[in-house]
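Data first, discussion second: the structure below is written as structure tokens.
The values are calculated or read from the model by the stated rules, or taken from the named source; none is laboratory data. A quick note: this is a predicted structure, and the numbers were derived from the prediction, not measured. When we count neighbours, we look across all protein chains shown, and the Cβ atoms used for this are built from the backbone with ideal geometry, even at glycine.
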Number of protein chains: 2
Amino acid sequence: MKIICSKNSLSNGLQIVTKAVPSKTTMSILECILIDATTDKIKLTANDMELGIETMIDGEISEKGVIALDAKMLFDIVRKLPDNEITIQTDDSFKTNIKCESAKFSLVGKSGEEFSFLPQIEKNNSVILSQFSLKEIIRQTIFSIASNETNKIMTGELFEIKDNTFKVVSLDGHRISIRKIELKNSYEEKKVIVPGKTLNEISKILKDNTDSDVTISISSKHILFEFENTIVVSRLIDGEFFKIDQMLMNDYETKVKINKKNFLDSIDRSTLFIREKNNSPFIMDVTDEKVEISVNCAIGSMKEEIEIEKKGKDILIGFNPYYLMEALKVIDEEEITLFMVNSKAPCYIKNEKENYTYLILPVNFTKQ
Amino acid sequence: MKIICSKNSLSNGLQIVTKAVPSKTTMSILECILIDATTDKIKLTANDMELGIETMIDGEISEKGVIALDAKMLFDIVRKLPDNEITIQTDDSFKTNIKCESAKFSLVGKSGEEFSFLPQIEKNNSVILSQFSLKEIIRQTIFSIASNETNKIMTGELFEIKDNTFKVVSLDGHRISIRKIELKNSYEEKKVIVPGKTLNEISKILKDNTDSDVTISISSKHILFEFENTIVVSRLIDGEFFKIDQMLMNDYETKVKINKKNFLDSIDRSTLFIREKNNSPFIMDVTDEKVEISVNCAIGSMKEEIEIEKKGKDILIGFNPYYLMEALKVIDEEEITLFMVNSKAPCYIKNEKENYTYLILPVNFTKQ
């Protein structure tokens, strides 16, 4: 194989596919990137068997062929080369020369035959949305997936498509995040659970581009994302997602409208006294026109007031401030509304259209 | 005590003095910052017994007094407060209230009496140079102090003042870095060893300012740096520094002039194949008009050529590329000159004026 391409296009392509290279594995072929120049396009592929990414790069093929090269080494070499044309040439023993200006690198590659190809997904009834929308909807929900694997389903997100609505849900036992967007077309109903890892990696590749679309195709075992010159294939998580509709309700006793920035700054300050070992809660004392926020612990205390608009009863309620913060950080609106029932029932943060809903369980505390 | 000052001035002051707060200590008073408002100035002090920093901040004293507060907590609180006036008020039991807008924090402080004051240094024959010069001279030598404590003297830098020359030397057994600058005045001869830690911390506080001076005073046990509203006092390292003049010489067999950026880029690429476990050296094969650089190891190899201007014999010599890189990175000139004798003798990088000299020992390698 002999290919010539610019440093820029090779480096961009590698940056995309390396997202699917596992950091630790016992199978050394998985640590490789496949450079496939057997057709008239140069295709880079990485595949850790759960997540596979393939991208096409611009370049010239002077001799067709295929080679698997250590991903980290290849990426680092290309990154450090001058900004010019790079030639990659292999011989029959998989020895690979990488040349750029006067720099010459030599690496021992692997046969492309050992490499596992990406699964084929049938593309019917594919869902279309912009790269921007997909990136946003992931950012606004991914923080509340569970990080440990004790419940596999909680490590993924529900993707639910019904008519022209795309709903994404994540939960970790303490909170639920729900985002809904409207699609341009209507589709038949689909519900699948996509691994959080896949969504984290894909959101790093997606651009903040409202003009460029992503096409999502779903089979029984896999989900396929196609955009620009790139395709991402991931296994789905088996099982049925939690029935969250039963947990949501529309009744409330207290409704509080508050400036998001003031609230967020105040929660941020409160976390100074909340270290992992001491579980002092963040206490909100909601009365007419103001909420008094306080934290008390052995090393000190903080207290402050924020103006609010309140409807309904006064309430004294405690939270883990990090759960509040993570939800507030992804809401783009300047004013947010909290809906509460009592100090033991979940608090909802949602807007009128309900295109986002964040449910957060309160924590118990002893009144001081 | 009751003081009122802007967030900005308090936060800047704390940023300076916290450099002398130890990250780990068994004496909790050392983790504190002393706020001293007993005179008509607000003075912040931190002191880990090796290094002490004191800085004056603007503000209003409405009630004189002194308090020691946990440095990390105070710094984090101030950092997260709104950009407005901050009031710090203490009572007889050292309870301290920190107020800013509607935010109120309460902390338990310590009596100022437990706090160790900075040692007094006599200020005669003090050396004066610009903040910029001191910062530069530290940056250009600090990388070659020894990191482990087996030889205490190697963890510091020699400060040698003689007539109007200020010379700084550091060495770690593999290399020596020497920087000389000319002072405006002449001084009597002084030689002291300043701890690397002190120099690292002070260079973070110094500004890139050629107009503002630093005054350095030296006693038998301490060194004092004074600049703007800040003073830094450090213990010196006991003992006599290495006699480096015996190691330096002016003879050479090969003199090589090379473009610094090309050389540095090439060394940087070579490090891809040089991981901690395999000690493949960076080999330079100097012939007329070019140097061929190569690295060979089990996973691959690299080779490249750089144009040079050469005087004297051809030479084949190997180095630890990181030692070359660290020296090259701090040299501001576009072209550098290497002086070599043979493959076992040290290589010198220096300019004509010899205001910098970097000596690097070569490494052995088997010719392939």
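Observations, loosely collected:
- Wholly within the range B:232-314, strands (runs of 3 or more DSSP E) carrying at least 2 residues that are touching a residue at least 60 places away in the same chain (Cβ under 8 Å) and either aliphatic (A, V, I, L, M) or in contact with a Lys or Arg (Cβ under 9 Å, 6 or more places away or on another chain) (or both): B:254-259
- Condition met for B:D83 (under 24 Å from A:K303 (Cα atoms) and in contact (Cβ under 8 Å) with a residue 12 or more places away in the chain): yes
- The lone exception for A:N200 - which of (1) closer than 14 Å to A:K19 by Cβ; (2) in contact with a helix residue (DSSP H, G or I) (Cβ under 6 Å, 6 or more places away or on another chain); (3) surrounded by fewer than 17 Cβ atoms within 10 Å (Cβ to Cβ) it fails: (2)
- Filtering the range B:146-173 to residues that are closer than 14 Å to B:I244 by Cβ and either at pLDDT below 95 or not in a strand (DSSP E or B) (or both) leaves B:I153, B:M154, B:D172, B:G173.
- Residue in the range B:176-190 that is under 18 Å from B:D48 (Cβ atoms) and either touching a His at 6+ places or on another chain (Cβ under 9 Å) or basic (K, R) (or both) present: no
- Within the range B:330-364, the only residue that satisfies the criterion of being within 20 Å of B:F273 (Cβ to Cβ) and within 21 Å of the chain's Cα centre (by Cα) is B:I360.
- Restricting attention to the range A:14-34, the residues being under 21 Å from A:C100 (Cα atoms) and either surrounded by fewer than 16 Cβ atoms within 10 Å (Cβ to Cβ) or in contact (Cβ under 8 Å) with a residue 60 or more places away in the chain (or both) number 3.
- Filtered residues of the range A:70-123 (kept if part of a helix (DSSP H, G or I), away from every other protein chain (no Cβ under 14 Å) and touching a Leu at 6+ places or on another chain (Cβ under 8 Å)): A:G112
- Residues in the range B:55-96 that are in contact with a Lys or Arg (Cβ under 6 Å, 6 or more places away or on another chain) and buried (at least 22 other Cβ atoms within 10 Å of the Cβ) were compared, and the one that is farthest from B:F225 (Cα to Cα) is B:I86.
- Residue match in the range B:24-31 (condition: within 14 Å of another protein chain (Cβ to nearest Cβ) and touching a strand residue (DSSP E or B) at 6+ places or on another chain (Cβ under 9 Å)): yes
- For beta carbons closer than 7 Å, sequence separation of 6+ or different chains, a first residue in the range A:185-196 that is free of Cβ contacts under 8 Å to residues at least 24 places away in the same chain and in a strand (DSSP E or B) and a second that is of a type in the set (D, E) and surrounded by fewer than 20 Cβ atoms within 10 Å (Cβ to Cβ), the qualifying pairs are A:S186/A:D163.
- Annotation: B:K313 fulfils all but one of (1) away from chain A (no Cβ under 14 Å); (2) under 35 Å from the mean Cα position of the chain (by Cα); (3) under 22 Å from B:E335 (Cα atoms); the unmet one is (2).
- Scan of the range A:321-368 for residues that are under 18 Å from A:I267 (Cβ atoms), β-branched (V, I, T) and assigned to a loop (DSSP other than H, G, I, E, B), ordered by number: A:I331
Here is a yes/no grid of residues against (1) more than 23 Å from A:S102 (Cα to Cα); (2) in contact with a helix residue (DSSP H, G or I) (Cβ under 6 Å, 6 or more places away or on another chain); (3) not hydrophobic (A, V, I, L, M, F, W, C):
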position: A:E50; (1), (2), (3): yes, no, yes
position: A:E54; (1), (2), (3): yes, no, yes
position: A:G59; (1), (2), (3): no, no, yes
position: A:S62; (1), (2), (3): no, no, yes
position: A:A68; (1), (2), (3): yes, yes, no
position: A:K80; (1), (2), (3): no, yes, yes
position: A:D83; (1), (2), (3): no, yes, yes
